[in-house]
Amino acid sequence: MDQAMPWGGAAGEGGGGWRGPLSGLRVLDLTRVLAGPLAAQFLADLGAEVLKLEAPGRGGETRGFAPFLEGESHYFLALNRGKRSMVVDLRQPEGAAILRELASGADVLIENFRPGVMERLGLGAAALMARNPRLIYCAISGFGLTGPLAGAPSFDIVTQAMTGVMSVNGARGGPPVKLGLPVGDMSGGIFGALGILAALHERAATGRGRLVDASLYDGTLSLLGYLSQLAFITGEDPRPMGSAHPSVVPYDAFPAADGTIVIACLADHFWPRLCAALGCAEWGLDPGLVTMAQRQARREEIEPRIAAITRTRRVTEWEAILAAHDIPHAPVLGVREALAHPHARAREMVVEVTHARLGPLPVLGRPIKFPGSPQAPLAAPPVLGQHTADILRHGLHYSEERIRALGERGVIGLAEQEEATP
């Protein structure tokens, strides 16, 4: 395979221009659901050519997650922008052979099957890296490749429960609550991508790839941050605080006349400013409320008094007042409001792509920017098997007859617009 050319023989659907700092990098995405697809999507955002290999029939599980837009799942659309889709049955010898050929010319392979699945198919890290010593093989799993829980099934809620995250989330005195954001799955994706980038840096010096072991469990546990140190030092479990902070006061969501406003005084110098903004400057002069520790001790006195004041005005009024006093604050927005916010649009965090079936489609934009070097537009998430024939034709140089025969035997799947030429 020609290492200088993309698998499909073209720059992709994102258009011309600079793809990003990972331009020219070939990534095989064998992942499903959230953590693995997110890791691969980050690499696509940064310019890598990501080829998603899906099973025949319905493809990845999330293609079947409702609700749908003209047959396309919202879930799949959210996690696969900028990728290509190829349908291959890895359980068939010819399908496994196709993966070996692709992996021989790939830079990165990401999979998030349970540990041992790829080895049983003869497609594990050792086998593929023996053929391609430069390959970086990233295995993302629930609990990692080692330890007493390696191989145990896990999803986001399991991870949140096992890492203590659920125990610190929810209302004060209430039961444990899962975060609405799938932080367990997302930590696996974030740290998987980070591990891949570190391995790429090492490979630039050594010329050799590496196995990367990333897990939802490790990633989420690492996000406990100061809460872990709080437990180490005090010998007690941190408790759920609602929207409040265990150490910082005031740092919470407060009721307004028509919604909710967040106020975050993370440093002592914000306290007298807030008192002035609230129209009670005398609180800022109280020697018993000067330090964070003092305010923490009097939390039950301070927060209800603030709430009584914030209830008297609308959210937009408080935004103006708090901004005038340079107090960190924010309205609590719904998802639609957040996506429509002028700052989100200015930062190109909502962009429009052209989907092969749906036409113009709004999607999230790239979270990392490179000032002075704008990237080419994002490509849309692929329809199932959209690029199968193109990859085999231009990337692996298969004949049309061979492509057609593989399709007839169910080894590969071809999208309507990618049928082999008669």
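Looking at A103, A39, A35, just one residue is assigned by TED's automatic domain parsing to the domain that holds L414, closer than 21 Å to E202 by Cα and within 16 Å of the chain's Cα centre (by Cα), and that residue is A39. Evaluated against (1) of a type in the set (G, A, S); (2) in contact with a Phe, Trp or Tyr (Cβ under 8 Å, 6 or more places away or on another chain); (3) at pLDDT 95 or above; (4) part of a loop (DSSP other than H, G, I, E, B), A257 falls short on exactly one condition, (2). When the residues of segment 45-61 are filtered to those that are surrounded by 20 or more Cβ atoms within 10 Å (Cβ to Cβ) and touching a residue at least 60 places away in the same chain (Cβ under 8 Å), the one that is farthest from L22 (Cα to Cα) is G59.
Within segment 75-109, the set of residues being surrounded by fewer than 24 Cβ atoms within 10 Å (Cβ to Cβ) and among the basic types (K, R) comprises R91, R100. Answer with yes or no whether E300 is out of contact with any helix residue (DSSP H, G or I) (no Cβ under 8 Å at 6 or more places or on another chain), surrounded by 14 or more Cβ atoms within 10 Å (Cβ to Cβ) and charged (D, E, K, R). It is false that E300 is out of contact with any helix residue (DSSP H, G or I) (no Cβ under 8 Å at 6 or more places or on another chain), surrounded by 14 or more Cβ atoms within 10 Å (Cβ to Cβ) and charged (D, E, K, R).
Residues of segment 199-210 include at least one that is hydrophobic (A, V, I, L, M, F, W, C), assigned to a helix (DSSP H, G or I), without any contact (Cβ under 8 Å) to a residue 12 or more places away in the chain and within 24 Å of R131 (Cα to Cα).
When restricted to residues that are among the hydrophobic types (A, V, I, L, M, F, W, C), touching a strand residue (DSSP E or B) at 6+ places or on another chain (Cβ under 7 Å), assigned to a helix (DSSP H, G or I) and surrounded by 15 or more Cβ atoms within 10 Å (Cβ to Cβ), segment 311-342 contains 3.
All conditions but one from (1) assigned to a helix (DSSP H, G or I); (2) surrounded by fewer than 17 Cβ atoms within 10 Å (Cβ to Cβ); (3) in contact (Cβ under 8 Å) with a residue 60 or more places away in the chain; (4) not polar (S, T, N, Q) apply to Y217; the one that does not is (2).
On the stretch given as segment 222-254, residues that are touching a strand residue (DSSP E or B) at 6+ places or on another chain (Cβ under 8 Å), without any contact (Cβ under 8 Å) to a residue 60 or more places away in the chain and not β-branched (V, I, T) total 6.
Among residues of segment 110-139 being within 21 Å of the chain's Cα centre (by Cα) and charged (D, E, K, R), the one that is surrounded by the most Cβ atoms within 10 Å (Cβ to Cβ) is E111. When G64, G142, G147 are checked against the criterion of being surrounded by 20 or more Cβ atoms within 10 Å (Cβ to Cβ), of a type outside the set (A, V, I, L, M, F, W, C) and either assigned by TED's automatic domain parsing to the domain that holds G207 or modelled with pLDDT of 95 or more (or both), G142 stands alone in meeting it.
The residues of segment 57-94 that are part of a helix (DSSP H, G or I), among the aromatic types (F, W, Y) and closer than 18 Å to G359 by Cβ amount to a single one, F76.
The values are calculated or read from the model by the stated rules, or taken from the named source; none is laboratory data. What you see is a predicted model, and the numbers here were worked out from it, not measured in a lab. All Cβ positions, glycine included, derive from the backbone under ideal geometry; neighbour counts span all protein chains shown.
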